[in-house]
Amino acid sequence: MVPCRIFRTTLKTRSILLVAFAITVLSFFYTSHHFAIYNKHLKSHLTEQQQNFQHIFSSSQHLYFSIYNSWLTNFIENHKENVQAFAARDKEKLYALTLPLYLSLKKSYPDIHIMHFHEPNGRSLLRMHQPKLFGDDLRQLRPAVQQVNQTHKPLTGYEIGIHGCFYRIIHPVFYNGEHIGVIELGVKIDEIVKEITHATGSQAAAFFPTSLWKKAVNSFDAATSYTDYTLVEKKPQIGPLLPENFNFQAMTEFETNGKHYLALTLTGLLNPFQESLGGIISLVDISDEIKDKKSFILQSLAVSISLGLFCIFFLCLSFQKIIGNLEKSKENQEKLINQLNKEIDSRQEAEKSLAQNEIRQRRILNSLPDTVFLLDRNRIVNWANESALKLAPDIIGRQCDLCMIGADIDQEDCFCRKAHLSNIIQKSIIHRPAAAGKKQETYWEAILIPRFDDQGAATDALVVLRDITERMESIRKIEKLNRHNSLLLEAAGEGIYGVDLEGKTTFMNPAAVRMTGFTEQEMLGKNQHELLHHTKADGSSYPAAECPILTTMQSRKPHFITEEVFWKKDGGSFPVEYIATPVEEEGKVIGAVVLFSDITQRKLLEKQLLHAQKMEAVGRLTSGIAHDFNNLLTTISGYSEILLIKMDNDDPMRDKVQMILQAGKMAAALTRQLLTFSRKQILEIKTINLNHVIDRLTKMLRRLIGENISLKIEFREPDCFIQADAGQCEQVLMNLAINAKDAMPGGGSLTITTDIAHLEATKPTGFDDIQSGSYVLMQITDSGEGMTEETQKLIFEPFFTTKEQGKGTGLGLATVYGIIKQHNGFISVKSAPGQGTSFDIYFPLSRQKPALNNMIMPDILPRGTETVLVVDDTSSIRQFIRDTLEPLGYDILEANNAEEAMKYYDGRDKAIDLLLTDMVMPGLSGKELAVVMRPRHAAMKTLFMSGHAAALFTEGNDSKSDIHFIQKPLSPSQIALKVRNILDARQT
């Protein structure tokens, strides 16, 4: 009966059942709604997984590729020798210079595989990874390289080659503003795959279109082909799990081997032309999430069913109680679900933040090339970054031995120990000597930073090590270069100084200090124009705006200046020749460097050369005049002497002829002065004692200068031997004594001294072309009126005189100058108005002693019967010689020139005993004629005659010589004696 009562469909029962049914339906609906919310959260979580995967991929790619791009940019900008070798196409030098850098990069980043130098024409110059392969044309295979060569803009992107997929960084290279080619780095795709695997904790691999991957014929990676793509892995881990028909969509769930996986894919591998080349896939195990999802569904169904049954049971007891329980159950269920959702959201946020922080910290620390690790209080390493692990894989857990690797650090001075004791940052440089098998020592910069807990107690310390070997080597090279440059500046003979844009001195070498008198400290920071360049040579102000050094910096062009002066510290100046060159840095002028030379000595030499050239020009003119004049004087004086010989002593015309002869002798003396001045006079050079020449002239000099002038002669050396013409030396003394007399009209003193002096060609003497050696110094000093500097510059000029008109010829000192130069000597003058004048004359000292002269001149003209051939282009000269020698018994033949004289070569049976010929004639010269005639007339003697000589003519050392000389103007006695002596010597 009870069951029947239970199922009796009373109104109350129907109401309870209807309410229970409604509550059950609502319960199922509520459960389905929260299940949808859970699915939404789960999908959102999976979407975030995809976004995090995208973010990790982008961050990793950007990090590594920015490192490689920076390295390549630094290589191009800072390794000029490598770029220069690239520009010169010097593969061996480029490989040698680049190899240490390439190996260092590969050591830090092992996935670097390719470093390639391309020429602008598309040919390969050098592969650092395959140095023996070069010269191939890559224009068709490598369009990205060709585009960089054409546009000169860098490109980056992935490319698939025969060895697999690489990320390429391609940069153009310029040298001196000219494009010289392209450098590229190639990084294996494995580096990105490893970083994603490390960051996500899930396996990752790359996939590519199957049609493109066929190019990678030499790749050693495992490859699994699908419909349109090929999956590439080092070891097959993802491929065996993927379905056969997997299509590499952005995010795909699938189940295999009883586990659920989420495949996250990115097609972010772009080639240099931004075309898709493939992507990265990461496989995430979501079995736990799916299991949680199923568990949630079952729990929700169980709760709903239990709740429905529970409601029906309690509704049977009490409608109100059931309704209350349902509401309470609903409220608890909402709280439970809300709490669960909050926990899920909080967990997702924490996991996301933790993953991002971990990635960021790992990226920062592992991107550092420095070695970083943590030391505890016992100096045990408890953490290390990747650089440290590469350097020492077993470093973690070991005790720090930094102080042991440097032989120059004592353990007591260990900076780790100091840092822990002092709790302050410690810095040190550690020197590591070259170990066995290594060629180079190393240097490390070490920084130790203590870390503290919340109470301020030191817990551990962060150690950062940086390899500074290259920096130390660069510092040593720079110091060596600086020392070398300093030595060059100090050794330079020219003055060198630098200025900045404001004209202030920045440096000054020792030569500049020596020449200007300013020390470097006095010049540094001071305006060089105000100290060295403020006034022109004429004394006028030199505006700074006109300064060539300022113009150099403004025009950016060097300026070479030849005629200016620099001013010394003592107020004096000196002529300079300088060049100012702009100094540029990064295309901007930052100052100028000035190199200058003191040209005082050169100016003096130029002045002396000009004077010598002027004297030489005037000498050639006077020599020509003297030659013609001597020919005329030969006729005048010679016939005057012949007339006197033939005249009776009481002939009324005798006095007149004697006056003509005397005038001819005076004219001859003037001619000799002209020849002496022009240094064309034929000298009778022999060894003489200059003291004896002066001693012989003493009486004459006293009469010449007068009683109101005292004469003092001092011989400081007894033997002052020189090779000279005694008569010319006497003329020097006479001319200088006359000048001294004229300078002392009121009386005074004249002093003549001789001494031996030693001159060095390497030391300044004021003379040009001087040779080192011993000289006889003759000083002639008077106490007269003196001379100004302007007068001293002109005194050796021909025809210059300060005497009144008619009282001087202007040839006195010019003749003195000519005589001294003809004797290879030198003359200088010291004088000042009111302080007298002193002439210093230097003759080369002779080591020979004078020879005795036993020659005796007869009083009558000697006679002879020999045949004499006279050759001269002046008929009056020939006639004079005939009129002189024919009366003495000689057979005279005449010829106008050498060609006419040749008719006597073999046209006579009688030999020619003496050839008397002029030296300078039209056609063959006298010397040439003598050479031609001698073979036919072997016993013939030769006597040359001339009114001048182009060079010194030296007779034979004895009378038996075949060559002799006689100076015009000629006299009968001179010719007769000379001819007779020559012919007599032939017979002895």
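The values are calculated or read from the model by the stated rules, or taken from the named source; none is laboratory data. Owing to the predicted nature of the structure, the values given are computational and were not obtained by experimental measurement. Neighbour counts run over all protein chains shown; Cβ positions are idealised from the backbone, glycine included. Each accessible area value is taken on the protein alone, full model and side chains, heavy atoms only, with ligands, DNA and RNA left out. Shrake-Rupley method; radii C 1.70, N 1.55, O 1.52, S 1.80 Å.
Modelled spin-label separation between Ile305 and His198, with each label point placed 7 Å from Cα along the Cα-to-Cβ direction: 5.1 nm.
Quote the FRET efficiency, to the nearest 0.05, computed for Gln879 versus Ala832 with a Förster distance R0 of 60 Å and r equal to the Cβ-Cβ distance. For Gln879 and Ala832, the calculated efficiency is 0.60. The Met700 and Lys536 beta-carbon pair, evaluated with R₀ = 35 Å, returns a calculated FRET efficiency of approximately 0.05.
In this calculation the C-beta distance from Ile395 to Asp288 is compared with R0 = 35 Å, giving a FRET efficiency of 0.45.
Ranked by solvent-accessible area (1.4 Å probe, protein heavy atoms only, all chains present), the residues Lys614, Lys903 order from largest to smallest as Lys903, Lys614.
Among Asp650, Asp453, the order of accessible area from largest down is Asp650, Asp453, computed with a 1.4 Å probe on protein heavy atoms. Packing, taken as the mean count of other beta carbons within 10 Å per residue, orders the peptides 507-516, 225-234 from highest to lowest as 507-516, 225-234. Per atom type, the range 494-605 shows carbon and sulfur on 55% of its accessible surface, probed at 1.4 Å. Scoring 523-529, 641-647, 389-395 by mean Cβ neighbours within 10 Å over their residues and listing the highest first yields 523-529, 641-647, 389-395.
If the segment from Gln723 to Glu253 were pulled out straight at 0.36 nm per residue, it would be longer than the present Cα-Cα gap by 156.9 nm. Extending 7 Å from Cα along the Cβ direction at Lys107 and again at Thr788 yields two label points whose distance is 8.3 nm. Taking all protein chains as they are arranged and a probe of 1.4 Å, the heavy atoms of Arg716 leave approximately 120 Å² accessible to solvent.
Per-peptide packing, taken as the mean over residues of other Cβ atoms within 10 Å, places 440-451, 345-356 in the sequence 440-451, 345-356 from highest down. Label positions at Ser211 and Thr687, each projected 7 Å from the Cα along the C-beta direction, are separated by 11.2 nm. Backbone amide hydrogens, once placed in the peptide plane, bring Ile590 within less than 5 Å of Val583, Glu584, Glu585, excluding anything fewer than 5 places away on its chain.
Taking 0.36 nm per residue of separation and subtracting the current Cα-Cα distance, fully stretching the chain between Leu481 and Phe134 would add 121.3 nm.
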